[in-house]
Amino acid sequence: MRIILIGPPGAGKGTQSQRLVELLGVPHLSTGEMLRAEARAGTPAGIEAAKAMARGQLVPDPMIVAMVSRRLAEPDCREGCLLDGFPRTLPQAETLDDLLERRAISVDGVIELAVPRDELVRRMLARKRADDDPAVFEERIASFEKQTAPLLDYYARQGKLASIAGLGTADEIFERVKAAIERFRARRR
Ligand code: AP5
Ligand code: MG
């Protein structure tokens, strides 16, 4: 299966991904993790990306699209993948659809993790990632609302969106995620 997780910063995409990749048996593709690895490696793309990330802004589409298309072409992605944090803009979503369509496959479902802002801020303050500074976090939330939230409508119109309440324990939320996966599976049959 090919599943996309969408949610604001701190919504629990990474937390639910860990559980979901085990259930689905597909690789976990987190563009945030991939970019942090590039930045650590000190590649020119990584250094460029790190600047945007430190400001809470999105990394330019061409860099992201190149990185994800390379990864999707690897053999372990043949049977499916879990996309965490990609796509994040309409051009990214359209490029992904084109890319998959050329291989006669498509996204099976999109899960939105909806979490109120005050809870996101609480989670961010309890963690210590470099971009978890309060001012940067505000920018990350703003980037989500402006550039990524429109994707919810894009996938709803394709009939692929499942919106899930992301409040509660991680295990409680995973039960809702599993129910959404079951609905996606039923639709494929
Ligand atoms: P990315 O790494 O994707 O970060 P993010 O979207 O800001 O989200 P987080 O990873 O912070 O949160 P999450 O939703 O994974 O939640 P988590 O499970 O960690 O992106 C970073 C940057 O890279 C972006 O700002 C951008 O610059 C760039 N980038 C990435 N992809 C891009 C793209 N496609 N295009 C352009 N730029 C891109 O949980 C958060 C915390 O809450 C954790 O401490 C966790 O333990 C805790 N928690 C989780 N679940 C619960 C729960 N149920 N109850 C209480 N606490 C919980
Ligand atoms: Mg994450």
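Taken over the range 104-126, the criterion of being assigned to a loop (DSSP other than H, G, I, E, B) and free of Cβ contacts under 8 Å to residues at least 60 places away in the same chain is satisfied by A104, P116, A126.
Can you tell me which residue among A39, A49 is open to solvent by less than 10 Å² (accessible area, probe 1.4 Å), within 11 Å of ligand 1 (Cβ to nearest atom) and at pLDDT 95 or above? Of A39, A49, the one residue that is open to solvent by less than 10 Å² (accessible area, probe 1.4 Å), within 11 Å of ligand 1 (Cβ to nearest atom) and at pLDDT 95 or above is A49. Among the residues making up the range 83-135, those that are more than 15 Å from the chain's Cα centre (by Cα) and under 18 Å from E33 (Cβ atoms) are R123, M124, R127, K128, R129, A130, D131, D132.
Looking at the range 111-168, which of its residues are among the hydroxyl-bearing types (S, T, Y) and touching a Lys or Arg at 6+ places or on another chain (Cβ under 7 Å)? Explain how you work it out, then say what you get.
Quick first cut of the range 111-168, residues among the hydroxyl-bearing types (S, T, Y) only: 143, 148, 154-155, 163.
Listed by number, the list holds a single entry, T148.
Looking across V59, V68, one residue alone is within 16 Å of ligand 2 (Cβ to nearest atom), in a helix (DSSP H, G or I) and not charged (D, E, K, R). It is V68. When the range 66-95 is filtered for residues that are near ligand 1 (Cβ under 10 Å from one of its atoms), without any contact (Cβ under 8 Å) to a residue 40 or more places away in the chain and among the aliphatic types (A, V, I, L, M), the ones remaining, listed by number, are M67, V68. Listed conditions (1) away from ligand 1 (no atom under 14 Å from the Cβ); (2) assigned to a loop (DSSP other than H, G, I, E, B) are all met by G10, apart from (1).
Applying the condition of being away from ligand 1 (no atom under 11 Å from the Cβ) and in a helix (DSSP H, G or I) to the range 13-36 and asking which residue is most open to solvent (accessible area, probe 1.4 Å) yields E22. Tallying residues that are surrounded by 15 or more Cβ atoms within 10 Å (Cβ to Cβ) and part of a helix (DSSP H, G or I) within the range 87-96 yields 5. Counting only residues that are open to solvent by less than 40 Å² (accessible area, probe 1.4 Å) and aliphatic (A, V, I, L, M), the range 164-189 holds 6 of them.
Scanning the range 130-163 for residues that are open to solvent by 40 Å² or more (accessible area, probe 1.4 Å), in a helix (DSSP H, G or I) and over 17 Å from K51 (Cβ atoms) yields a count of 10.
Examine the range 64-86 for a residue that is open to solvent by 50 Å² or more (accessible area, probe 1.4 Å) and under 17 Å from Y154 (Cβ atoms), and state whether such a residue exists. Checking the range 64-86: not a single residue is open to solvent by 50 Å² or more (accessible area, probe 1.4 Å) and under 17 Å from Y154 (Cβ atoms).
The values are calculated or read from the model by the stated rules, or taken from the named source; none is laboratory data. This structure is a prediction, so every number in the text was calculated from the model and none was measured. All Cβ positions, even for glycine, are placed from backbone atoms using ideal geometry, and neighbour counts span all protein chains on display. SASA here: full protein model, heavy atoms, side chains in, ligands and nucleic acids out. Shrake-Rupley method; radii C 1.70, N 1.55, O 1.52, S 1.80 Å.
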